1. At 7 Å along Cα-to-Cβ for each site, give me the label-to-label distance between A:Ala187 and A:Arg226 in nm.
2. Under the √(5λ) rule applied to the eigenvalues of the Cα gyration tensor, what semi-axes describe the equivalent ellipsoid of region A:331-475? Give them in Å, descending.
3. Enter the angle in degrees (range 0 to 90, nearest 10) between the Cα long axis of helix A:275-288 and the first principal axis of the Cα atoms of chain A, meaning the one along which they spread out most.
4. Which of the peptides A:50-61, A:281-292, A:427-438 is most tightly packed, and how do the rest follow, going by the mean number of other Cβ atoms within 10 Å of each residue?
5. Could the peptides A:179-186, A:449-456, A:257-264, B:152-159 be put in order, highest first, of the mean number of other beta-carbon atoms found within 10 Å of their residues?
6. Quick check: the distance between the Cα centres of region B:89-103 and region A:20-36, to the nearest angstrom?
7. Taking the Cβ-Cβ separation of A:Ala31 and A:Lys138 as r and a Förster radius of 25 Å, what is the calculated FRET efficiency to the nearest 0.05?
8. Once every Cα of region B:51-163 carries one equal point scatterer and solvent is ignored, give the base-10 log of I(q)/I(0) from the Debye formula at q = 0.11 Å⁻¹, two decimals.
Amino acid sequence: MVVAKVDNALRLSAVDRKASSLGLAIGQPLANARAMLPALKVMAANEPADVKLLARIADWCDRFTPFVALDGPRGLLLDVTGAAHLFGGEQTMLDRIREGLHAQGFAVRGALAGTAMAARALARYRDGTVIAPGEEAKAVAPLPIAALNLDPVATHAFRRAGLKTVGQVAGRKRAEIAARFGAAMVATLDLALGRAEEPISPRLPRPDYWKEQNFAEPIVMEETIRAVLKSLAAALSDVLERRGEGARRLEAVFFRADGAVRRIAIEMGAPTREPAIVERLFREKLDALADPLDPGFGFDLIRLSASRTERACSEAADLDGGANGETEIRFLVDRLAARFGSHRILSFQPNGTHIPEAAWVVVPAQYAQPSKLSWEKIRGIREAPRRPLRMFVRPEPVDFVAMLHLRWHRVQHVVTKCEGPERIAMEWWRHRTPQPARDYFRVEDGEGRRYWLYRSGGVERDGATPQWFLHGVFA
Amino acid sequence: MRAEKLAALRVSLVRPGLEEISTRIPLGHAAADLCLKGGLERGALHEIFAAIGHEAAATGFAAGLAMRVAARKHVLWIRQDFSALEFGELSAVGLLEFGLDPARMLLLCVADAADGLRAATDALSCAALGAVVIEIPGKPKILDLVASRRLTLACAQKSVTAFLLRFGAKPDASAAETRWLVRAASSPAREENWGHPVFETDLVRNRHGRPGHWVMEWNCDDGLFQNPTTNSGVVVPAPSDRPAAAAREGVESARRFMP
């Protein structure tokens, strides 16, 4: 027995079978219930845990169809259109779902019908029914009005009007109902009676294509799993090739026999459908998982779905060396991204500013698009580099006296050459508070090492010593 | 039967065209190229050790070599997070100023040496890459003779060249083709012009030739190494006729580099 605070009163939010047989009902104040049965065992409701549990159940249900939607706080809607025959027909499928959940210790009620509304109503009052298409009206008619899940005011109004079942309401003229309860009520009624359809909104994005494989005996071996992935990739590749498409994102869903579900996705820089590449990328990804794939007692279903696809022309001929090179680089980038994460394999792009640390950006190489800006050298021809090869993300404060010494990392360097200043003004339009301009100097020490230093805030004023920073080191 | 099998295996081992692939790329510096029998071997592992405090110079030397070898192909630069904090992040504009095309550079950031070596071995199987540079600070245990041999084999397979850029480490047993000790050299003593990058390089290991010691200048415009434009530093040509002396000198100079 679970209670929660509703409208400033503790009310029952869930009751078990025994409690309901003793006359307790959801929504009853706890004080009333206590008065009826002083020996009640009461627990506080934990809504976040309920939501999590429902999501886990939804994960489990994913094995029947990828279109699973959450329905209120304790309901799930499964769109099984075109999937029932895979599980031995609608009745068998419904029984399997109910039995499967029951075996996991849940009290479950379910029904299968042409519309979500009808199924919802039937699940509550006629557990386990399967309604043939077009029979919704007949099946729903004898149910009480409460089955429509209307707001209490409307339910009460129907009762007062003497309409006790859905069938009686359906028997009235549409115009009458619309006039009394609004057009929405007519629409609800239509849905319940199977006269109109309403799409469900799956909780996960709908994959474009998917292939799956069921196993009579759960599989555990890593090699088997890889082989299955490869054969699924090959099957998916056929479909994609027929449509002239390639996948940018693939998701493998592993359904464990005990109900746990694991999803692992890989991303590709370019549309891909080559099974060998897909298998290789998954291998990289699975190898690199911080939390490895745990088969437990084995997986009884593996599904491979393409959740993002793009048009792809058929593979370029291998003779074309240039294009092939690009493809190979892209594959390498995908591989490294699968293993280390796409934020770790980077490419450089110009950024069109003269601020030294912002003059370029690093972007994930997988998603890098050719930049409109071009790289522009700062040095003139035959001139030495004017920007250092290595730069510090945070300029390091140093002690510097021009033409004398430089102290960095507690090491004293003798300065033999000093060139500058090169004044770089900050972009005033970017900062709210004006940033001081920087005077950059190129400094060489006695051993030939070259540093890039700057003085912040221009020349010294009022006797204050300017602060020097080391921003980079030249080759 | 057995002889036949052996013969078949031999044929499969000696792949046709292997000789043509493993060409040598001249550095541009005449004396060094002579010592290297024409240049740096492609599809092999080369080690570059930075003298303490000369990490940026070694970075430049490695970048120059990688650019020579890769020509117009992509270069993959593998760096560890620690290395970027300690010695500075590789700068795209810096590379551009140095003469490299940043658009042909891929940067892989890894957490440790094990990841770096693993990624390198994988990347070396991509024939479209020109060179792979692996920056390794310190002396990780994982980088041993076996690891370097593995890299060498991976290099040879698709003829991609690998450069191990070592910071703060002493040379150890390895399967590398060449080993360089690098430090910065003073630029020519002309006041008005800030010179090109100059390196004092020590070739302490050369599997197919003698060691040597040269001061090289990197020509950022033409992308090659050359003698410093004005001889400020001491240029020591490789004593080609005295192998023992050269070897001794190599060891000597190696010692000078050690902290």
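Just so you know, all these numbers are worked out from the coordinates, no wet-lab data involved. Remember, predicted model here, so these are calculated numbers, not experimental data. Here Cβ is always computed from backbone atoms with ideal geometry, including for glycine, and neighbour counts include all displayed protein chains.
1. Computed distance between label sites A:Ala187 and A:Arg226 equals 5.3 nm.
2. Details: eigenvalues 208, 74, 48 Å².
In descending order the semi-axes read 32, 19, 16 Å.
3. Roughly 80 degrees between the two axes.
4. On the way: A:50-61: 16.5, A:281-292: 14.6, A:427-438: 11.1.
Result, highest mean Cβ count within 10 Å first: A:50-61, A:281-292, A:427-438.
5. The packing order, highest mean first, is A:449-456, B:152-159, A:257-264, A:179-186.
6. Comparing the Cα centres of region B:89-103 and region A:20-36, I get a distance of 75 Å.
7. Details: r = 43 Å, r/R0 = 1.72.
Computed FRET efficiency for A:Ala31 and A:Lys138: 0.05.
8. Debye curve over Cα of region B:51-163, log10 I(q)/I(0) at q = 0.11 Å⁻¹: -0.32.
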